1. Check whether at least one residue in region 56-68 is under 12 Å from the mean Cα position of the chain (by Cα) and away from the ligand (no atom under 14 Å from the Cβ), and report yes or no.
2. Can you name the residue in region 78-93 that is charged (D, E, K, R) and within 12 Å of the ligand (Cβ to nearest atom) and, of all such residues, is surrounded by the fewest Cβ atoms within 10 Å (Cβ to Cβ)?
3. Can you name the condition, by its number, that residue 67 falls short on among (1) under 19 Å from residue 106 (Cα atoms); (2) without any contact (Cβ under 8 Å) to a residue 40 or more places away in the chain; (3) crowded, with 20+ Cβ neighbours inside 10 Å?
4. Just one of 75, 28 is at pLDDT below 95, under 19 Å from residue 109 (Cα atoms), more than 12 Å from the ligand (Cβ to nearest atom) and among the acidic types (Asp, Glu); which is it?
Amino acid sequence: MDAAEPRFVVVAKLSDLPDGGFIRAMLDHHALVLARSGGTVYAFQRTCPHEKADLAQGRIEAGRLICPRHLASFDLIDGQVSRGWKLDALRLYPVRIEGDDIAVDGEAVRQNPPGGDRKVWDLTAR
Ligand code: FES
């Protein structure tokens, strides 16, 4: 494989991700979330850049991911946070759909890793 060629890794089945749905996925021990909205599948870091809420418990509205804990929102094109927040951008990763497979760019994940999931705030556990 050409070193410059992105390496896409199958992480889930498209048939397991209904429109409007979120699922958790792992790629090389990195915790990701896959979300499907309006026919597009997004891959991004599991934990919120603010205080590590589990973004698999968020929602998508008008092209923005809304964190379930304090409601910061992130642009699903460039990851930029909503006004008024001083946070790192959401780490988003290229996705390729191959039949029923959802593949994520493993090189992008390795070069800009999403961080661990040890401190995830699980809002369903309260
Ligand atoms: S934990 Fe996501 S906005 Fe605070």
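The values are calculated or read from the model by the stated rules, or taken from the named source; none is laboratory data. This structure is a prediction, so every number in the text was calculated from the model and none was measured. Positions of Cβ are generated from backbone atoms using ideal geometry, with glycine treated the same way; all protein chains shown enter the neighbour counts.
1. Within region 56-68, one or more residues are under 12 Å from the mean Cα position of the chain (by Cα) and away from the ligand (no atom under 14 Å from the Cβ).
2. Applying the first criterion (charged (D, E, K, R)) to region 78-93 yields 78, 83, 86, 88, 91.
Adding the requirement that they be within 12 Å of the ligand (Cβ to nearest atom) leaves 86, 88.
Numbers: 86: 6, 88: 13.
Here the answer is 86.
3. Residue 67 satisfies every listed condition except (1).
4. On the way: 75 fails: at pLDDT below 95.
So the residue among 75, 28 that is at pLDDT below 95, under 19 Å from residue 109 (Cα atoms), more than 12 Å from the ligand (Cβ to nearest atom) and among the acidic types (Asp, Glu) is 28.
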